[in-house]
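Report on one structure; see the data block that follows.
The values are calculated or read from the model by the stated rules, or taken from the named source; none is laboratory data. This structure is a prediction, so every number in the text was calculated from the model and none was measured. Here Cβ is always computed from backbone atoms with ideal geometry, including for glycine, and neighbour counts include all displayed protein chains.
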Amino acid sequence: MPPRTRRACLLSTVVELLPKQPTTKGPAELFTGDVYFDVIIRGGEPSRVRVNTVRFCPGARTAWHTHALGQTLHVTDGVGLVQARGGEVIVIRPGDVVYTPPGEWHWHGATPDQFMIHTAIWEGPAAGAETEWGEHVNDAEYGYPSRSDWSCVAAQLARSLSASSDAVPGSAV
């Protein structure tokens, strides 16, 4: 049987190409620094799977939080940090997979000088809150001084300018 065209696949009732959701800035009540996430899937019954791509600017991090049914993170780019309450701060890198069991208070984010991107996977409970949020992670817990003057946009611009200076004149960047 020959392969189906993209149009035929899109019209299929077996598979569905979902529309991309807009990128959302993480709210200041839940994050320190600039964090952006893309919802990949928010499953409905019977599947309650949740999958987000989360981008942390240097120094950005979550507040302390816990998930009713646990959470798995898969680091895809950059260098990050994760800590369970009372535990050591652990450095995480691309390819690392971090599992946090149900009810464990933890935080995760980027190192002060690196971006970090991860895929977050968790399941929503049949009833009750998926995530309970606590206080912000303070600088002592984070382990690095606050960089309130660090701007994610400035960092991205600097990266872009650096990349474009390496480009061949007249080529697309």
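Table for the structure above
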read-out	value
Counted residues, region 102-122 - those being touching a strand residue (DSSP E or B) at 6+ places or on another chain (Cβ under 9 Å) and surrounded by fewer than 19 Cβ atoms within 10 Å (Cβ to Cβ)	8
Exclusive hit being surrounded by 12 or more Cβ atoms within 10 Å (Cβ to Cβ), in a loop (DSSP other than H, G, I, E, B), of a type outside the set (A, V, I, L, M) and at pLDDT 95 or above, set 125, 94	94
From 143, 109, 78, 87, residue being touching a Leu at 6+ places or on another chain (Cβ under 8 Å), modelled with pLDDT of 90 or more and not hydroxyl-bearing (Ser, Thr, Tyr)	109
Tally, over region 66-78, of residues that are surrounded by fewer than 18 Cβ atoms within 10 Å (Cβ to Cβ) and closer than 20 Å to residue 35 by Cα	4
